[in-house]
Amino acid sequence: MQKTTVKRSQGRMGRPPRALAGEVDDRILDAARDIFLVSGLAGASIDEIARRARAGKPTIYARYPTKEALFAAVIMHNAARVQAAGADERPTGGTIKDRLTSVGTAILKRLLSGDTIDFMRLSAAEAQRFPELTNVGRTVRERAAQAATHVLREIASSDEAAVFPGLAPGRLETTTHFFLDLVASRFLLRALLGEPLDRLRADIDVHVAQAVSFFLSACRNPSNG
């Protein structure tokens, strides 16, 4: 009897390549973000997310066992995307004041663009029902502060920084939190409370200039605490 030779597939069964898996993750998280923005966490349907993402429900549940886990992953993904948008930006200007102003302006423009604020509002609302999301928000803020500290460390490396003890290496982590509070927190609160974003964007330059001036005054005479 003549043997029939069956050729094996050249592909290997198992997990998809990392690049393909990452592309599937992006589709799932982007689709989930769009649907969460429209329907909220309670109203969002995994079936609808699967259709939008062109992914099977088992694929989604293998990565995110609950809808809350998926929502938390979307928060992290969204924050990483906002941060990545500024990863290649470098402080510009001839003085520390100029460079801090350029950094603060870029931060606010990223935060007040697109539907970032809409998703922040949704996250804040859902955190009332799912307190574990508070930990996700804390992680997002810590990562943002770490990135900002890295940028301020670069700015503080100039000779001019000697007149600003608040920018000393031992103080820089705490100083960065004050910088972010002065530059971003007030505008974020106004945005989250529903103030029109176009009005806030129009005020960015004046606000950042005032915030940086106040910040540098504090850095000249930091407290001993």
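The values are calculated or read from the model by the stated rules, or taken from the named source; none is laboratory data. Treat the numbers as computed from the prediction; the structure is a model and nothing was measured. As a convention, Cβ positions derive from the backbone with ideal geometry for all residues, glycine included, and neighbour counts pool all protein chains shown.
In segment 25-42 there is no residue that is at pLDDT below 95, outside any helix (DSSP H, G or I) and exposed (fewer than 11 other Cβ atoms within 10 Å of the Cβ). For segment 157-197, filtering for residues that are of a type outside the set (D, E, K, R), crowded, with 16+ Cβ neighbours inside 10 Å and farther than 19 Å from Arg141 by Cβ leaves 5. Being in contact with a Lys or Arg (Cβ under 9 Å, 6 or more places away or on another chain) and at pLDDT 90 or above is the filter; apply it to segment 104-118 and report the residue that is farthest from Ile155 (Cα to Cα). Only one residue tops the list, namely Leu112.
Looking across segment 44-56, the residues that are in a helix (DSSP H, G or I) and of a type in the set (A, V, I, L, M) come down to Ile46, Ile49, Ala50, Ala53.
Quick one: is Gly166 without any contact (Cβ under 8 Å) to a residue 12 or more places away in the chain and either assigned by TED's automatic domain parsing to the domain that holds Arg99 or of a type outside the set (D, E, K, R) (or both)? No, not satisfied. Would you mind stating whether Thr59 is part of a helix (DSSP H, G or I), out of contact with any Leu (no Cβ under 9 Å at 6 or more places or on another chain), more than 18 Å from Asp205 (Cβ to Cβ) and in contact (Cβ under 8 Å) with a residue 24 or more places away in the chain? Against the criterion (part of a helix (DSSP H, G or I), out of contact with any Leu (no Cβ under 9 Å at 6 or more places or on another chain), more than 18 Å from Asp205 (Cβ to Cβ) and in contact (Cβ under 8 Å) with a residue 24 or more places away in the chain), Thr59 qualifies. If you go through segment 62-98 and keep only what is outside any helix (DSSP H, G or I), under 21 Å from the mean Cα position of the chain (by Cα) and not hydroxyl-bearing (Ser, Thr, Tyr), you end up with Gly86, Ala87, Asp88, Glu89, Arg90, Pro91.
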